[in-house]
Structure formats: C-alpha cells, structure tokens
Ligand SMILES: [Zn+2]
C-alpha cells in the first residue's frame, strides 16, 4: 500500500502490529538517536550523535572514534613510546 511520502523514508522504523479487528497494520516510528561509543572504554563520545551530517556524527579532532580521555592516554603513550 502506498503511504505518505514522509513515511516511505528509511529514517522511520516500521512495526507490523495486529489490530483488535485482526488486521495487520504497519506502525511508523521515529528512530532512536543512538549515541556513539568510544572504541576503548565504551563510554559515549561527547558532541557526537548517530544522526545528521558527518561533522555532527563525530568530533572534528584527531582520533574521532575515541573519547577525549582515551585520546589523551593514546597520545601520551605514543609520545612516550610504550617504555
Ligand atoms: Zn574512551
């Protein structure tokens, strides 16, 4: 069935539900915003979301996949050369 154009977008999640009358209907819902996690400690990265443009998805600094704390540790470890 053709639905409203706004509901055809994949930015919505779909759920098939059965109505009290026994019919199958599709329910459309907004997707949840999942917070991006740090690759090392798993904590959410500040200033980054799963939605929006590239710059909104990750911080525009070095090591965008790490949180600020882990980035700091990594840089210090790199400079000290592991010894
Ligand atoms: Zn971290």
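All of the numbers you see were taken from the coordinates with simple rules; none came from a lab. Computed from a predicted structure; not experimentally measured.
A Cα-only calculation for the stretch 34-74 places Rg and Dmax at 9.4, 29 Å.
Translational diffusion of the chain was estimated from the Stokes-Einstein equation, with Rh taken as the Kirkwood radius over Cα pairs; at 20 °C and 1.002 mPa s the coefficient is 132 µm²/s.
Using C-alpha pairs under 8 Å with a sequence gap of at least 6, the mean separation divided by the residue count of the chain gives a relative contact order of 18 percent. Which angle from 0 to 90°, rounded to the nearest 10, does the C-alpha axis of helix 68-80 make with the longest principal axis of the chain? Helix 68-80 sits roughly 30 degrees off the main axis of the chain.
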